[in-house]
Amino acid sequence: MGREGARTEVLNEDFAERRARARERLDALDPHKLPGGIEADPRRQEWFEAVYALAKDDPAGVPWADLQPRPLLQEWLAARPIAGLRALDVGCGLGDNAEALARAGARVVGFDLVERAVQWARARFPNSEVDYRVADLFNAPDEWRGGFDFVHELYTLQALPETLLPGAARALASFVAPGGTLLVISRAREDGEDLGGPPWPLARKDIEGLAVDGLRLVALEDIPPSGDLDHAAFGRSRPNADDVIDSSDLERASREKPVSTFSQRALTRHWRAEFRRDEAGA
Ligand SMILES: C[S@@+](CC[C@H](N)C(=O)[O-])C[C@H]1O[C@@H](n2cnc3c(N)ncnc32)[C@H](O)[C@@H]1O
């Protein structure tokens with residue numbers, strides 16, 4: 001499917017309803033939604049596989065598939081040149097963020113654990129310069145070690161159980177070349193606050209915990225909800241405090257008056273964190 005087709009799907013009135021149904025189905029088979037379920041699928045691999053398999057070819061079935069790059073990534077890219085850099089997009093899903101990195105001039109590898117996701121991304125962007133790969137963050141190809149000037153991770157860490165975060169931090173750090181940058185964007189919570197999950201919004205300590213193996217945290221933005229929701233789409237003049245839409249929240253929209261447009265600028269609280277590895281010998 002080309003980009004125009006993809007956007008039409010987002011604007012289709014039934015999209016939110018289909019997503020709501022998919023979310024219910026997926027929650028019902030997510031062991032992490034049940035007490036003690038963690039042992040059943042500790043890395044959530046079976047669940048991620050199920051998401052893409054059950055979606056068939058409908059992106060409404062993939063809860064995080066917005067079919068456009070995330071605004072917080074786009075905003076960051078607008079202010080910083082990455083042209084010519086070797087870039088890695090972690091957990092690339094259907095490819096929109098990886099494509100944004102490529103449009104910004106980077107030479108991009110995008111990878112995902114789920115083969116179906118990678119095939120789908122390739123099919124959506126048949127003329128893409130992104131090298132889409134099937135790979136596991138926790139068992140990545142050796143040649144990626146120190147191989148990227150810019151590593152981008154958005155919403156994958158928050159989809160993983162907390163016990164996996166230290167290993168994920170080491171894996172992310174391992175990809176960053178001397179002088180390179182890791183950019184992490186995730187939903188945010190207070191230290192000690194329990195917002196439920198999955199997904200599990202990250203606490204400041206989780207973000208700080210990514211500064212391992214020579215990576216330094218050089219910028220941390222705590223981004224409040226923008227409140228820039230398209231209220232008209234919800235048939236109300238004022239939003240509720242939790243009227244926020246991003247990839248995981250479209251189902252909420254469907255419980256309101258059917259929506260025909262979505263504002264992707266309305267966000268929950270987020271972190272945008274930048275880590276750097278110093279040049280060798282610096
Ligand atoms: C919540 S989605 C986010 C997708 C994308 N980054 C976005 O912003 O839309 C997490 C993605 O990470 C992938 N994933 C989960 N565990 C992974 C792992 N161990 N290695 C690589 N990808 C993984 C999932 O298949 C899924 O596509």
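The values are calculated or read from the model by the stated rules, or taken from the named source; none is laboratory data. Here the structure is a predicted model, which is why all the values come from computation and not from measurement. Every residue, glycine as well, gets a Cβ built from its backbone with ideal geometry; the counts of neighbours run over all protein chains shown.
List of remarks:
- Residue match in the range 123-131 (condition: under 19 Å from residue 77 (Cβ atoms) and either aromatic (Phe, Trp, Tyr) or within 10 Å of the ligand (Cβ to nearest atom) (or both)): yes
- Extreme residue, nearest to residue 68 (Cα to Cα), among residues of the range 90-136 that are touching a residue at least 40 places away in the same chain (Cβ under 8 Å) and of a type in the set (D, E, K, R): 124
- Residues considered: 75, 99, 49, 129. Of these, the only one that is charged (D, E, K, R) and under 29 Å from residue 163 (Cβ atoms) is 49.
- Residues being assigned to a helix (DSSP H, G or I) and either within 25 Å of residue 160 (Cβ to Cβ) or at pLDDT below 80 (or both) - total across the range 1-20: 11
- Verdict on residue 210 being part of a loop (DSSP other than H, G, I, E, B), touching a Phe, Trp or Tyr at 6+ places or on another chain (Cβ under 8 Å) and within 16 Å of the ligand (Cβ to nearest atom): yes
- Selection of the range 177-212 for residues being over 19 Å from the mean Cα position of the chain (by Cα) and either within 22 Å of residue 80 (Cα to Cα) or buried (at least 21 other Cβ atoms within 10 Å of the Cβ) (or both) yields 177, 178, 179, 180, 211.
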